[in-house]
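A.B. asks: The structure's right below; bear with me while I get my questions together.
The values are calculated or read from the model by the stated rules, or taken from the named source; none is laboratory data. Just so you know, these numbers come straight off a predicted model, no measurement behind them. So basically every Cβ, Gly included, is an ideal-geometry build from the backbone, and we count neighbours across all protein chains shown.
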Amino acid sequence: MDNNLLLEKLDSLSMEEKIGQLVQLTGDFFEGDMDTVVTGPLKKLGLNTGYNVYNTGSILNVTDPDKMIRLQTDYLEKSTHKIPLLFMADIIYGYRTIFPIPLAQACSWNYEQIERAASIAARECYDEGIHVTFSPMVDIVRDPRWGRVMESPGEDTLLAQKYAESTVLGIQGGNLESAPGAIPAHKIAACVKHFAAYGAPVAGREYNAVDMSEHMLREYYLPGYNAAIAAGAKLVMTAFNTLNGVPATGNEWLNRDVLRREMNFDGVLISDYAAIEELIMHGYAENEAAAARLALLAGVDVDMKTAVYANQLAKVISGDEHMLGLLNEAVYRVLKLKNDLGLFEDPFRGLQETLQRQKSSVLSDEHKQNALSLAEESVVLLKNDNELLPFSKQAKVALIGPYAEENSTLGIWAIKGDEADTVNLKTGMLKYIDPDHLSVCRGAYMLPLDERQALGKYADKLPGETVAEEDLLHEALRNAGEVDVIVLALGESIYQSGEGGSRTNPTLPEPQLKLLHELSLLGKKLVVIVYSGRPLILTEVAGKADAIIQAWYPGTMGGEALANILYGKTNPSGKLAMTFPRSVGQIPVYYNELNTGRPNMPENGSYRFASRYIDEVNKPLYPFGYGKSYTSFEYSLLSVSRKEIKANEPIDICISVTNTGIYDGKETVQLYIRDKSASVARPVMVLKDFKKIFLRSDETETVQFTIRDEMLKFYGSRMEYKSEPGEFEVYIGASSQEILLSFSFVLLPEGEHE
């Protein structure tokens, strides 16, 4: 449908029909006869009884193809203008083929694989009839207390930008030349979230206020969203939080000035779940009518799962030409999204193809192989004393812990993931080891029984306990006494992380720490595998384990990926996308911090008046960019094309990287820059580029980087984004704390020459 026809369609709608296009409901509003709907979902949501559900524009989290066909068919028969429904769903890191959680994916530093994972998720969604997914989430996170760390790309702006771009391109593909704006077949629409700065809540507490300077916002938090929009994201979701006192969903400066004008976003802005109604609870709107007015003024097009727009917009707009114009703009954007998806031509987009070939791509062997590859690269080897790993297949192993045979390793947002499809750790290991050489037991409860109720509705999802804790421990000690090595599979429950999963003390649960302690006293070689949705405080673990593997929630193929690493089929190559603190008191701790006027210098010892703790070191347990390998790499032969440059002149850098170990492996070479003196204080270092390379044993490769003026730009004291003349230091290494090569250069003022 061309733009003129789209405008004609818009003009043909009544006020009530226009407002309906901005309302998102769940599928139960269309089930049964209208009397049932009026006394059930309509009443529960508070919708006026006169609301016509067949004006509704979109449906949330209906993912059953048969139900979608039934709903769309019924809707088109009963609606006046035959504008198809949009089906949107929370498919965050996989539909049925579940990939590692996004934080884990970022630890792969492999954005081709991340794009492929997003493409596979989109294909499975397309085949099952979903039109829009609420992904990617690109909120920068520096505080592991916050539960939604698991959905983020971590603490670094560059990684967030790359994750945003890769995920959007994977989900949506590129625009077709013959139909600009159209979403290709087998792709769906991406929604970047949460705009903005949702990942920085005060005290790491879910839904809490965000308080930061505009400089901080622009320098670190906005670039990820901007990258997603530049890649073509069709939707943006508002955030739950206030930003400097103004709720994001009612923030006209944020959504119209920054998002629409500065970032040139012309797509659909959708509220997060009930966020328009929550403007009242924030104390920003006095009632629903005020909330509706503020949200529309702020540019919010779709009201997710409240009655505010449906009940109030007509009164708010009545007689106000400006507000009517804003309504028409919002409805046009919704209609354009439906048009870009081709729904006017085919309201059953994707479903008909699936039915015709009577086969879906869901959980295909190809998709599972991609999930396996990304899981392998997302796992991070944190410790490997005396090269304990990889194991020999002849070693007798005791696999102990709550995650030894646990299939619930998908994370809380894998809403279509099925534990029955998941490869657990025991199953993965049995591909390498004779069953007679593997003993398996739980050893401990996942959580203390008295802490379950804090999980709310998720408490009932945990299995009941029929065996006493002491009996589990005794069984573990018996098994461990008869083997060469212990593999201890520990972690937080999936219900301890994710939305609403904030924790004041992000450590392993107490029963598991007790199990670790008792097993460590046996003097056996001990490998700990940690499942989690966030960086945990592993200080106690590090003191007792010979090797530590950070598994995250690794997805459908996680058990096989971990077994491949344990037995050396795969050499681990993951590097941390988020810092691991030593203690709660260090939080937030991140690599690109600002220096202070009194930094803690090693030569000062215990000098009191420096920026330090008196009961803990400043450095984290495991820094950003860190991750070990079974092999070793040597960096050498640094060459730099020039040490003084003018603006827009590049610096070409070459280094040699040699695999000096006995295993083939992948290394992520990281380049950081420090601006030594500027108009605002600059971080001690900022990641500006990286290269992930594969080297066979004894192989050498030349790695090249180019420093360009864009990499030197920042927001100054007047919010001007530009570079400034001066001296810069360049650090090249294996992590933010393992710098192996360095040099400095000077950016000359304009008019000066070399």
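A.B. asks: So for segment 356-364 (the condition being at pLDDT 95 or above, at negative phi and surrounded by fewer than 21 Cβ atoms within 10 Å (Cβ to Cβ)), does at least one residue qualify?
C.D. replies: Scanning segment 356-364, I find at least one residue that is at pLDDT 95 or above, at negative phi and surrounded by fewer than 21 Cβ atoms within 10 Å (Cβ to Cβ), so the answer is yes.
A.B. asks: Exactly one condition in (1) surrounded by fewer than 24 Cβ atoms within 10 Å (Cβ to Cβ); (2) over 21 Å from residue 335 (Cα atoms) is false for residue 254; which is it?
C.D. replies: The one condition residue 254 does not meet is (1).
A.B. asks: Oh, and also: Identify the residue in segment 674-688 that is within 25 Å of the chain's Cα centre (by Cα) and of a type outside the set (Lys, Arg) and, among all such residues, is nearest to residue 162 (Cα to Cα).
C.D. replies: Once the filter is applied, the top-ranked residue is 687.
A.B. asks: Here is a follow-up. Criterion first (in contact (Cβ under 8 Å) with a residue 60 or more places away in the chain, more than 29 Å from residue 339 (Cβ to Cβ) and either over 12 Å from the mean Cα position of the chain (by Cα) or surrounded by fewer than 22 Cβ atoms within 10 Å (Cβ to Cβ) (or both)) does residue 207 satisfy it?
C.D. replies: Considered against the rule, which asks whether it is in contact (Cβ under 8 Å) with a residue 60 or more places away in the chain, more than 29 Å from residue 339 (Cβ to Cβ) and either over 12 Å from the mean Cα position of the chain (by Cα) or surrounded by fewer than 22 Cβ atoms within 10 Å (Cβ to Cβ) (or both), residue 207 comes out as no.
A.B. asks: Taking the stated definitions as given, is residue 720 under 16 Å from residue 740 (Cβ atoms) and either at pLDDT below 95 or of a type in the set (Asp, Glu) (or both)?
C.D. replies: Taking the combined requirement at face value, the residue does not satisfy it.
A.B. asks: So, one more: Quick check: is even one residue across segment 99-121 within 30 Å of residue 557 (Cα to Cα), touching a residue at least 12 places away in the same chain (Cβ under 8 Å), in contact with a Gly (Cβ under 8 Å, 6 or more places away or on another chain) and hydroxyl-bearing (Ser, Thr, Tyr)?
C.D. replies: Yes, segment 99-121 has at least one match.
A.B. asks: Just to be sure before I move on: is residue 436 among the charged types (D, E, K, R) and under 28 Å from the mean Cα position of the chain (by Cα) in the structure I sent?
C.D. replies: Spelling it out, it is not the case that residue 436 is among the charged types (D, E, K, R) and under 28 Å from the mean Cα position of the chain (by Cα).
A.B. asks: Give segment 300-337 a look and list any residue that's buried (at least 23 other Cβ atoms within 10 Å of the Cβ) and assigned to a loop (DSSP other than H, G, I, E, B), or say none.
C.D. replies: Passing the criteria: 300, 301, 306.
A.B. asks: Now for a separate question. Output the number of residues of segment 59-113 satisfying the condition of being of a type in the set (Gly, Ala, Ser) and surrounded by fewer than 24 Cβ atoms within 10 Å (Cβ to Cβ).
C.D. replies: 2
A.B. asks: Which of the residues belonging to segment 102-159 are of a type in the set (A, V, I, L, M, F, W, C), assigned to a loop (DSSP other than H, G, I, E, B) and closer than 25 Å to residue 72 by Cα?
C.D. replies: 130, 134
A.B. asks: Return yes or no: is residue 485 in contact with a helix residue (DSSP H, G or I) (Cβ under 6 Å, 6 or more places away or on another chain) and modelled with pLDDT of 95 or more?
C.D. replies: No.
A.B. asks: Can I ask one more? Would you check which residues across segment 496-511 are touching a residue at least 40 places away in the same chain (Cβ under 8 Å), assigned to a loop (DSSP other than H, G, I, E, B) and farther than 12 Å from residue 207 by Cα and list them?
C.D. replies: Matches in segment 496-511: 497, 498, 503, 504, 505, 506, 509.
A.B. asks: Out of curiosity, is residue 402 in contact (Cβ under 8 Å) with a residue 60 or more places away in the chain, closer than 18 Å to residue 465 by Cβ and not in a strand (DSSP E or B)?
C.D. replies: Judged against the criteria, residue 402 is a match.
A.B. asks: With respect to the numbered conditions (1) under 26 Å from the mean Cα position of the chain (by Cα); (2) of a type in the set (Ser, Thr, Tyr); (3) in the same structural domain as residue 493 (by TED's automatic domain parsing), which one is the sole condition not fulfilled by residue 626?
C.D. replies: So the condition that residue 626 fails would be (3).
A.B. asks: Okay, moving on. Of all residues in segment 594-635 being more than 30 Å from residue 551 (Cα to Cα) and hydroxyl-bearing (Ser, Thr, Tyr), which is surrounded by the fewest Cβ atoms within 10 Å (Cβ to Cβ)?
C.D. replies: Filtering segment 594-635 for residues that are more than 30 Å from residue 551 (Cα to Cα) and hydroxyl-bearing (Ser, Thr, Tyr), the one surrounded by the fewest Cβ atoms within 10 Å (Cβ to Cβ) comes out as 606.
A.B. asks: Suppose the filter is among the charged types (D, E, K, R), part of a helix (DSSP H, G or I) and touching a helix residue (DSSP H, G or I) at 6+ places or on another chain (Cβ under 6 Å); does residue 187 pass it?
C.D. replies: No, not satisfied.
Yes/no per residue for (1) part of a loop (DSSP other than H, G, I, E, B); (2) touching a helix residue (DSSP H, G or I) at 6+ places or on another chain (Cβ under 8 Å):
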residue: 572; (1), (2): yes, yes
residue: 585; (1), (2): no, no
residue: 590; (1), (2): yes, no
residue: 608; (1), (2): yes, no
residue: 630; (1), (2): yes, yes
residue: 635; (1), (2): no, no
residue: 655; (1), (2): no, no
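A.B. asks: I'd like to know if segment 541-548 contains one or more residues that are in a loop (DSSP other than H, G, I, E, B), surrounded by fewer than 24 Cβ atoms within 10 Å (Cβ to Cβ), basic (Lys, Arg) and at pLDDT 95 or above.
C.D. replies: No, that holds for no residue.
A.B. asks: All but one of (1) surrounded by 24 or more Cβ atoms within 10 Å (Cβ to Cβ); (2) touching a strand residue (DSSP E or B) at 6+ places or on another chain (Cβ under 8 Å) hold for residue 501; which doesn't?
C.D. replies: The failed condition is (2).
A.B. asks: Would you mention how many residues in segment 338-355 are touching a His at 6+ places or on another chain (Cβ under 9 Å), of a type outside the set (A, V, I, L, M, F, W, C), modelled with pLDDT of 95 or more and part of a loop (DSSP other than H, G, I, E, B)?
C.D. replies: 0
A.B. asks: Looking only at residues that are part of a loop (DSSP other than H, G, I, E, B) and among the small types (Gly, Ala, Ser) in segment 434-476, which one is surrounded by the fewest Cβ atoms within 10 Å (Cβ to Cβ)?
C.D. replies: 464
A.B. asks: Give me a count of the residues in segment 296-349 that are out of contact with any Lys or Arg (no Cβ under 9 Å at 6 or more places or on another chain) and on the phi > 0 side of the Ramachandran plot.
C.D. replies: 2
A.B. asks: Taking the condition touching a residue at least 12 places away in the same chain (Cβ under 8 Å), surrounded by fewer than 24 Cβ atoms within 10 Å (Cβ to Cβ) and part of a strand (DSSP E or B), does residue 527 pass?
C.D. replies: Yes.
A.B. asks: Could you check segment 681-754 for strands (runs of 3 or more DSSP E) lying wholly inside it with 2 or more residues that are free of Cβ contacts under 8 Å to residues at least 60 places away in the same chain?
C.D. replies: Here the list reads 686-695, 700-707, 726-733.
A.B. asks: Continuing with the same structure: Condition (residue is within 30 Å of residue 365 (Cα to Cα), of a type in the set (Ser, Thr, Tyr) and modelled with pLDDT under 95) applied to segment 51-63: is it met by at least one residue?
C.D. replies: Looking for residues that are within 30 Å of residue 365 (Cα to Cα), of a type in the set (Ser, Thr, Tyr) and modelled with pLDDT under 95, one finds at least one in segment 51-63, hence yes.
A.B. asks: Is there any pair linking a residue in segment 418-434 that is touching a residue at least 40 places away in the same chain (Cβ under 8 Å) to one that is surrounded by 19 or more Cβ atoms within 10 Å (Cβ to Cβ) and among the β-branched types (Val, Ile, Thr), with Cβ under 6 Å and at least six apart or on different chains, and which?
C.D. replies: 421/556; 422/556; 426/440
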